[in-house]
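What follows is a set of notes on a single structure, which appears directly below.
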Amino acid sequence: MQKRYSWKEFQKEIADDHYFYVRSCIRQNFFPGSEQAFLNIMRGDLGKDVFEDARHTSCTGIGYHSDIVPLETIMTVVARQFALMTEAGYENLTSSCITSFGIYTEILETWREFPETLERTRESLYKATGRTFEIPKNVSHNSDVIFHNREQIAAQAKLKLVNALTGEPLRVVEHIGCHYAKIFPSKGIGGSEFPYVLAGMVESWGGEVVDYPERRHCCGFGFRNYLVQSNRGYSVANSRKKFESMAPYKPDFIVCNCPGCTMFLDKWQYTLAEMEGSTYGPDGRGIPVLTYEEMAGLVLGYDPWALGMQMHQVDVEPLLDKMGVDYDPSSKYLGKKGKFIGAPEVATVNCSAVDKFYRIKR
Amino acid sequence: MKVTIIGGGVAGIQTALALKGLGHDPVIIEKEDTLGGKLRGWHRLFPVMTPARDVLEPMLKQLRDQQIEVMASTEVQAIESDGVVTSRGKVESRATVVCSGFDLFDATLKEEYGYGIYDNVITSADLEQMMNNGKIALADGTQPHRIAFLHCVGSRDEKVQQRHCSKVCCVTGVKQAIEMRRWFPHSEIYNFYMDIRMFGPGYEEMYRSAQQEHGIQFIRGRISEAAPVKGGKVQIKAEDTLVGRPLKMTVDMLVLLIGMTAGCSNSRWTECTGLSQSDSHFMRPLDMFEGNVRSELPNVFYAGTVTSPKTIGESLNEANAAAMRVAAYLETL
Amino acid sequence: MIDFGFGVNTARAINMDTNDLDTAREIFDRLPDLQACMACGSCTATCTAGAITSFNFRKVHTLVRRGEYGEAYAEMSKCMLCGKCRLVCPRGINTRGVVLLIKKKLGDY
């Protein structure tokens, strides 16, 4: 991995400040702490201006990729987000979601290539809402922005991605998400074969990126394939292929770029453990899966429960202990105001080999 | 009469020898400090494993014996009607033969194969170099057991603007596979191909002997990606298109059969003369038949891979043909 | 174990790392001319059994050479040993020999 250099050729322009922020449907539900962490890091730690308009909606990308939302509709929805941005006086859009990022990029390219579709979209939006919009000057994914500021984060770091006991760098596998750079390789840092957006953060913050044979393989999200229950075997089989491939490299954690990938690489580990009894981490447990904001948050000394890490299906405590994070295990399921928010049942993926031998879970 | 020859590879050398034989006064202008071009880096030649030096050295000896003028380490900057402009000044001549050859495809452009990133992914040119050095080994010095060759790297591939077939890589892949079998008798060798284009004399026979006598496995399908595996191995994915199923395997060494791309100086020739290039950026000869060594200008001629991928034998033939054409042209002056 | 209402699809790739290639090797060591197949398909085009069943001689022996023996024995049993494939094979492969050898070697599979 040290020899990966192609990212230097695939560089894109990332705005330095004044972002209009758009959220992810999946993350608001499954990793809500990550989006808040992004805002806190940007505003609090980095002193940047990030504006959010509560009226912005889903980009409808999941519906689009599931053949439910037509192209004309999604173009108009996206145009409405741009209209909110224009009205607020912003020019740089930053998206929390890879699917949305892919959608924004694809639609902007479509408008560039087929200007008549842009005109039709302007007309549809105006008829429906009376709004007009400007094309954003810069579109980035949130991870691009964190990558852009990775050295500043490193300078402000409270912790490094190293094993606190041994001093060895943590071994990290990164997963980029297909729609980050497989649609437009030039729009992703490092291109699609050797993307550097997460690897760059890991390296700047003291960790070691571990390559493995199925690194480039899709997590299996597949939109319509997981939406239909009986088709989920497609999705989980692809995630399993990745787990089996990465397990021999003993990663300390997986860091993800894309909401869907984070969700599936985390939750399918639970599912596979319950369905087949297979786990892929050390000591019979799962491999923790982090968003890049959670990774940045830990480095900057955020409390893991404030980052929302209690929402993970694979427990993160073994990783926190390894990193030497100062946290209170007993407050894991206490909400913001100290109120118990409920705890999940014990799951196979979080049991050690010894627990399983004595059937502690059941 | 004085004739400038741009490029001192096999085509340039043979053109010079032939022109000298016809009583003219050729001068070879070579940008590198040694003559021989790409052939210098090659170990053996298909289809009968002729050592490359057995072809090149007698030619160089003749060149010396006949005292043909060579300007090495000299770059041609422009072709003009009365000669060429070089990095060492103007060389006047009545005709110019462009023998500037081809470039090897840069395998790093096919990022998915990890050339330059993964230790044991090498090119066909690297393998020839290893054979010339007398040692073929993995990065850690050990012997490869499982070896895969991938055909058409930088050929028939619009993603890297190489639409053309490089012609010689199929037979090179077969030749190198047989050589690997000789170096490593107990290895497993796989060639991944889309078509096997055995156009030359003895080529098809060589292909058959690779299959039957040397036990080389041919799998029809293009490798889609190579990924690193512990211990320096490489995992490859392809479709076995003859059975319609994806296939994956781990190999110790992946050899990329890199194609021929148009020489980088071609655009310079176009700019200074108004000559034209084909879609693949090779120089376009006057026509594909009777004028295949002539250009659109009466005093500029072509020989060898400047116009398209060719074998050594074909380049030598073109060199002789170009010399005849030049001589006929000089008669008319 | 929990039933989530879906299974995990099995991988379809031919895995040359885990397949048993020794049996395949024994087959083409005995009949090396099988290796000379260039997949022209004339054997299958003319096959008496292939005309009325899904038998595809070319595909079955290719799979065997990749270590995929699953259906090979049953498939090869469809061959009527008429010998037309051997007549048409441009590479002169002893096709009936291949059928019989594969059946013999893979009888246990």
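Mind listing whichever residues of the stretch B:220-260 are crowded, with 21+ Cβ neighbours inside 10 Å, small (Gly, Ala, Ser) and not in a strand (DSSP E or B)?
Within the stretch B:220-260, B:Gly259 is the sole residue that qualifies.
Looking only at the stretch A:200-242, how many residues end up being surrounded by fewer than 22 Cβ atoms within 10 Å (Cβ to Cβ), in contact with a Phe, Trp or Tyr (Cβ under 6 Å, 6 or more places away or on another chain) and hydrophobic (A, V, I, L, M, F, W, C)?
Adding up the residues that qualify gives 1.
If a residue counts only when it is closer than 18 Å to A:Gln310 by Cβ, which helices (runs of 4 or more DSSP H) contained entirely in the stretch A:214-296 have at least 3 such residues?
Helices (runs of 4 or more DSSP H) meeting the threshold: A:259-276.
Residue under question is A:Thr60, and the condition is that it be in contact with a helix residue (DSSP H, G or I) (Cβ under 8 Å, 6 or more places away or on another chain), at pLDDT 95 or above and at positive phi; does it hold? Lay out the reasoning, then the answer.
On the way: in contact with a helix residue (DSSP H, G or I) (Cβ under 8 Å, 6 or more places away or on another chain): yes; at pLDDT 95 or above: yes; at positive phi: yes.
Here the answer is yes, as A:Thr60 does meet what is asked.
Spot the failing condition for A:Ser143; the list is (1) within 18 Å of the chain's Cα centre (by Cα); (2) within 14 Å of chain B (Cβ to nearest Cβ); (3) buried (at least 23 other Cβ atoms within 10 Å of the Cβ), and only one is missed.
Answer for A:Ser143: the failing condition is (2).
From the set of residues in the stretch A:21-60 that are aliphatic (A, V, I, L, M) and in a helix (DSSP H, G or I), which is surrounded by the fewest Cβ atoms within 10 Å (Cβ to Cβ)?
Start the filter on the stretch A:21-60 by keeping residues that are aliphatic (A, V, I, L, M), which leaves A:22, A:26, A:37, A:39, A:41-42, A:46, A:50, A:54.
Next, only the ones that are in a helix (DSSP H, G or I) stay: A:26, A:37, A:39, A:41-42.
Numbers: A:Ile26: 22, A:Ala37: 26, A:Leu39: 16, A:Ile41: 24, A:Met42: 22.
Among them, the one singled out is A:Leu39.
Restricting the stretch A:208-233 to residues that are facing another protein chain (nearest Cβ under 10 Å) and more than 22 Å from A:Ser192 (Cβ to Cβ), which is farthest from the chain's Cα centre (by Cα)?
This residue is A:Ser230.
Working carefully through the options A:Glu123, A:Glu134, A:Glu119, find the one that is more than 20 Å from the chain's Cα centre (by Cα) and either within 22 Å of A:Ile14 (Cβ to Cβ) or at pLDDT below 95 (or both). Walk me through how you get there before you give the answer.
Working: A:Glu123 fails: either within 22 Å of A:Ile14 (Cβ to Cβ) or at pLDDT below 95 (or both); A:Glu119 fails: either within 22 Å of A:Ile14 (Cβ to Cβ) or at pLDDT below 95 (or both).
A:Glu134 is the lone residue from the list that is more than 20 Å from the chain's Cα centre (by Cα) and either within 22 Å of A:Ile14 (Cβ to Cβ) or at pLDDT below 95 (or both).
If only one of B:Met288, B:Met283, B:Met253 is assigned by TED's automatic domain parsing to the domain that holds B:Pro228 and not polar (S, T, N, Q), which one is it?
Working: B:Met288 fails: assigned by TED's automatic domain parsing to the domain that holds B:Pro228; B:Met283 fails: assigned by TED's automatic domain parsing to the domain that holds B:Pro228.
So the residue among B:Met288, B:Met283, B:Met253 that is assigned by TED's automatic domain parsing to the domain that holds B:Pro228 and not polar (S, T, N, Q) is B:Met253.
I need a count of the residues in the stretch C:1-33 that are among the aliphatic types (A, V, I, L, M), in contact with a helix residue (DSSP H, G or I) (Cβ under 7 Å, 6 or more places away or on another chain) and within 9 Å of chain B (Cβ to nearest Cβ).
At the first step, the residues of the stretch C:1-33 found to be among the aliphatic types (A, V, I, L, M) are C:1-2, C:8, C:11, C:13-14, C:16, C:21, C:24, C:27, C:31.
Right, trim to in contact with a helix residue (DSSP H, G or I) (Cβ under 7 Å, 6 or more places away or on another chain) and you get C:1-2, C:8, C:11, C:24, C:27, C:31.
The next check asks that each one be within 9 Å of chain B (Cβ to nearest Cβ); those that pass are C:11.
Number of matching residues: 1.
For the stretch B:206-228, give me each residue that is modelled with pLDDT of 95 or more and within 14 Å of chain A (Cβ to nearest Cβ).
Those that are modelled with pLDDT of 95 or more and within 14 Å of chain A (Cβ to nearest Cβ): B:Ile223, B:Ser224, B:Glu225, B:Ala226, B:Ala227.
Quick check: is even one residue across the stretch A:196-203 under 30 Å from A:Ile68 (Cα atoms) and assigned to a loop (DSSP other than H, G, I, E, B)? Explain how you work it out, then say what you get.
Keep residues of the stretch A:196-203 that are under 30 Å from A:Ile68 (Cα atoms), which gives none.
No, that holds for no residue.
Picking from B:Ala125, B:Ala95, B:Ala107, B:Ala137, which residue would you name as being away from chain A (no Cβ under 14 Å) and in contact with a Phe, Trp or Tyr (Cβ under 7 Å, 6 or more places away or on another chain)?
Answer to the check: B:Ala95.
Looking at the stretch C:36-72, which of its residues are hydroxyl-bearing (Ser, Thr, Tyr), in contact with a Lys or Arg (Cβ under 6 Å, 6 or more places away or on another chain) and more than 13 Å from chain B (Cβ to nearest Cβ)? Quick ask: steps written out before the conclusion?
Step one: of the stretch C:36-72, the residues hydroxyl-bearing (Ser, Thr, Tyr) are C:42, C:44, C:46, C:48, C:53-54, C:62, C:69.
Next cut, in contact with a Lys or Arg (Cβ under 6 Å, 6 or more places away or on another chain) only: C:44, C:46, C:53.
Result: C:Thr46, C:Thr53.
The values are calculated or read from the model by the stated rules, or taken from the named source; none is laboratory data. Predicted model only: the values in this text are computed from it and were never measured. Here Cβ is always computed from backbone atoms with ideal geometry, including for glycine, and neighbour counts include all displayed protein chains.
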